[in-house]
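Notes for the one structure printed next.
The values are calculated or read from the model by the stated rules, or taken from the named source; none is laboratory data. If you're wondering where the values come from, they're calculated on a predicted model, not measured in any experiment. Neighbour counts are summed over all protein chains in view; Cβ atoms, including those assigned to glycine, are modelled from backbone coordinates with ideal geometry. Surface areas here come from the heavy atoms of the whole protein model, side chains and all, with no ligands, DNA or RNA. Shrake-Rupley method; radii C 1.70, N 1.55, O 1.52, S 1.80 Å.
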Amino acid sequence: MGTITAQAVRSPAGGIVNPHLTSALYKFSGVAGWPPYTSPVTRQQQIVLTRNFPIGANGRAITVQKARSYSDDFYNRIHIRPATLALGNVVSAQIAIVRVFNAYFVAKTLNAIDGQGTGLTVIGADAVPMLFTPLKDTAWQVSITPDGPAVLDQVLSWRFAGDTATLRVTGNRITAWTLAPDWADGIVERLTWLTDIMTSPNGTEQRRADRLAPRRTMEAKIIAEGRERKLMDLMLFGWSARIWALPIWIDQQWLTVDVALGAQIIACDTTDRDFRAGGLALLRGETAYDYETVEIAAATPTQLQLVRGTQQAWAMGTRLYPMRSAQLLTQPEPKRVTDRLSTVEVQFTMVEPCDWPAVMPGSLYRGLPVLETRPEESEDLTAAYQRLLLTLDNDTGIPVLTDTADQAFTVQGHRWLLQGRREHAAFRSLLYALRGRQKELWLPTFADDFTLTTVVSANDTTMDIEYVGYTRFAAGKPGRRDISIGLTDGTVLYRRITGATEISTTVERLAIDAVLGRTVAVSDVQRICYMTLCRQDQDEIELHHDTDSDGVANAQTIFRSTRYDA
């Protein structure tokens, strides 16, 4: 018989009498294996386990930093919002709402508010000192008025026990200049650019504009009588060195509809006027005391949207002006006519950039614009010829003159007579595009320089003219080789003279670089004149405005030709 190695399986009870088992299980008889096999078990000696944590094995120091959470950044401090108030130009009383929040989980006491002064005060719901309960949010009114220092840069401090919240307030305090000008002598406006020009001996120039926008000044005569004379005297005495909100008198218009109290929209025509978002506008009544300055949030062609509602109602016919920040360029010298009447000449310079759209003429010749506006000729126009002459003179012999450029540079006057808002705006856009002496354009002489003698067919590249000596003196020379051919139907053709021949003592033949593309009879020609590539010869342009609003203005500029070898 084989031997099988086995192990007795212990009862689930493990030899322990379980009191929770029913005693009926022990009453079975004749059942094999029941009750289960039991045997005594020897218990081993019990011991107490020892905890050896932490286990030290080659220990070293590690540098760590606590990771901050939103809770660390937000709570346990005093919050103020906004933290800065950039007011820009303060021309009337303004109120800003500022909220102070106690983000501590304990109460904090506000002890004082520092930084208040003339024209800058803080108003709250309760008197200071006051208790801020945990997580309390409180609104405060910060009042700013035009009174006080001209430059506003002040810090308001809410001082709590153990903490401080600060608000920085910045701006410029200005007051509206409400005295109206005397239009009898008009208003003079000057735009002054600054151009750096380096000229080579052969006349080639490198020009650089040193100003992004021109300096702008306005000069007018003021007549003040009665109460307005007293106001003018005090204004000049107290604020003649400070910044004013100056109405742009030349952009004046009258309200066509009433403006109600608290209105935030003013219906008006803003096209080609100096209204702009973020700027100011003036509503003026019959006297210098009857006015209101409003801040513009947005300007559309038909209305102004205001930052705040108007403080009073304004009737149809009220004057409306755009405004610019300006300062008196020179200290005025009033003239006393009577004890109730004074006159004064004032000259203001704008202290902010006066931007305007820059637009060159649309007609092009050789890739450059052509000025097609004829000059106003009620007064004689000037013309001159400049040369770059180098003189060698040793005081004993005959002086030697050398024309280093071998070219005459023409200097030509041009006058404008402007009528209506559109012409005013177009001329201003041209000035901004020319940037003083920097930019170039083609300028016709607008003179009767050539007279056509025969018909020019559509495919001809020559034209016969009356003899004027062109072949002898100027054939092919820059400044006298580009021409403008003006026809009676309004068409203008630009061509370059490539050659000239004397046909007889009365006729010269000019060769041109391209056909005219149409038959041109002698009677079809209105004028044939030279064209020269020019720049302005002055950085300061003066506009004389004879009437207000959409009235008349005149200006004069001087152009000088540049070297153009292309």
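The table that follows gives values for the structure above.
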| quantity | calculated |
| --- | --- |
| Simple label model, 7 Å out from Cα along Cβ direction - residue 164 to residue 130, nm | 2.1 nm |
| Label assignment, Kirkwood radius over Cα pairs in Å derived from the structure, set (i) 23.3; (ii) 32.7; (iii) 24.1 | (ii) |
| Candidate aspartates and glutamates for bridging to residue 230, where Cα separation is under 17 Å - those fewer than 8 sequence places away on the same chain excluded | 286, 290, 333, 339, 345 |
| Size of charge dipole - the range 329-392 - debye, nearest 20, with Cβ of Lys, Arg +1 and Asp, Glu -1, no other charges | 180 debye |
| Positive dipole terminus of the range 342-441, leading residue within 378, 408, 441 (C-beta point charges) | 441 |
| Residue 406 accessible area, 1.4 Å probe, all protein chains in place, Å² to nearest 10 | 130 Å² |
| Rounded to the nearest 10 Å², the accessible area of residue 197 at probe 1.4 Å | 40 Å² |
| Pairwise label distance in nanometres, residue 329 with residue 351, each label 7 Å out on the Cα-Cβ vector | 1.6 nm |
| Cβ-based charge dipole, the chain, positive-most Cα from 115, 3, 543 | 3 |
| Rounded to the nearest 20 debye, dipole of the range 259-360 from Cβ charges on Lys, Arg, Asp, Glu | 120 debye |
| Rounded accessible area per residue of the chain, 1.4 Å, Å² | 56 Å² |
| Helix axis angle, 421-434 relative to the chain longest principal axis, alpha carbon, degrees | 80 degrees |
| Theoretical gain in end-to-end length, residue 77 to residue 194 [0.36 nm per residue, Cα-Cα removed] | 36.9 nm |
| Debye, to nearest 20: dipole size of the chain, +1 on Lys, Arg Cβ, -1 on Asp, Glu Cβ | 4520 debye |
| Efficiency of FRET from Cβ geometry, residue 448 and residue 473, R₀ 25 Å, rounded to 0.05 | 0.90 |
| Most positive-pole-ward Cα, 266, 172, 155, against dipole of the range 142-292 from beta carbon charges | 155 |
| Value of [θ]222 nm, deg cm²/dmol, for the chain, DSSP H segments ≥ 4, -39500 (n - 2.57) each, nearest 500 | -2000 deg cm²/dmol |
| Sequence-separation-based contact order of the chain, relative, with Cα cut under 8 Å and 6+ spacing, percent | 11 percent |
| Over the range 352-436, relative contact order from alpha-carbon pairs under 8 Å, at least 6 apart, % | 38 percent |
